[in-house]
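To start, the structure under review is shown below, and the notes come after it.
The values are calculated or read from the model by the stated rules, or taken from the named source; none is laboratory data. Please read these numbers as outputs of a predicted model, since none were measured by experiment. All Cβ positions, glycine included, derive from the backbone under ideal geometry; neighbour counts span all protein chains shown. Ligands, DNA and RNA are stripped out before the accessible areas are found, and what is left, the full protein with its side chains, is counted by its heavy atoms. Shrake-Rupley method; radii C 1.70, N 1.55, O 1.52, S 1.80 Å.
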Amino acid sequence: MNGLRLICGQAAVFLRFAGLGSGVTLAASAALVLLSQWIPWVAANALTTVASTVVATELHARVSFGHGRPGLACHVKSAATVAAGWLVTSAAVGVLAALRPDAGLVLQQTVYLSATALVGIGRYLVLRLAVFAERTPRTGGGVRVRAAYDAAA
């Protein structure tokens, strides 16, 4: 029964992560549309990307993972996962363009959204297991990563 409880608990964390991430992305998209009417699109995109990454990191730390307020190091690591995700999705679409220059919109979006889904799963794993891993004291002065301990249980 402990294994089932662990799986349900991790599924709940992942669903919170996905829901919050999707909400922040939709809000950033709306902000991008609004901002791009007053400033150049590239500048609006940069501002919304930075702002949405900070907001998402705060929400994921506090709500998704119950970590509490993240420090600067957590924000930098989270931003690195966003940058890596951008590289992966850009590469996926770039490879499609090289292999199938005549690819239609549906195929382009299928590749992009598939890559985005894989990036989201990878980002979840990195944030859950490395950036916002719960640390609990262990006898002997060491530190045990609770997420890894729970996963092994």
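Summary of computed values
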quantity: Helix 41-59 vs. the chain, principal-axis angle (Cα, 0 to 90°, nearest 10); calculated: 20 degrees
quantity: Calculated FRET efficiency for the pair I39/R69, C-beta based, R₀ 35 Å, to 0.05; calculated: 0.70
quantity: Projected label distance in nm at V55 and L118, using a 7 Å step from Cα toward the beta-carbon; calculated: 2.9 nm
quantity: Of all accessible heavy-atom area on the chain, the percent that carbon and sulfur account for (1.4 Å); calculated: 71 percent
quantity: Protection proxy ranking of 93-103, 19-29 - average other beta-carbon atoms within 10 Å, highest first; calculated: 19-29, 93-103
quantity: Within the chain, helix-based [θ] at 222 nm, where runs of 4 or more DSSP H residues each add -39,500 (n - 2.57), nearest 500; calculated: -25000 deg cm²/dmol
quantity: Sites F14 and L105 - FRET efficiency at Förster radius 30 Å, r taken between beta-carbons, to 0.05; calculated: 0.50
quantity: DSSP-loop chymotrypsin sites (Phe, Trp or Tyr not before Pro) across the stretch 30-75, with at most 12 other Cβ within 10 angstrom; calculated: W38
quantity: Dipole-positive endmost among V88, V13, L47 within the chain (Cβ charges, Cα centre); calculated: V13
quantity: Lys, Arg +1 and Asp, Glu -1 on Cβ, resulting dipole of the chain about Cα centre, debye, nearest 20; calculated: 580 debye
quantity: Heavy-atom surface of the stretch 1-85, accessible at 1.4 Å and reported per residue (Å²); calculated: 60 Å²
quantity: Sequence of I7, I39 from largest to smallest accessible area, 1.4 Å probe; calculated: I7, I39
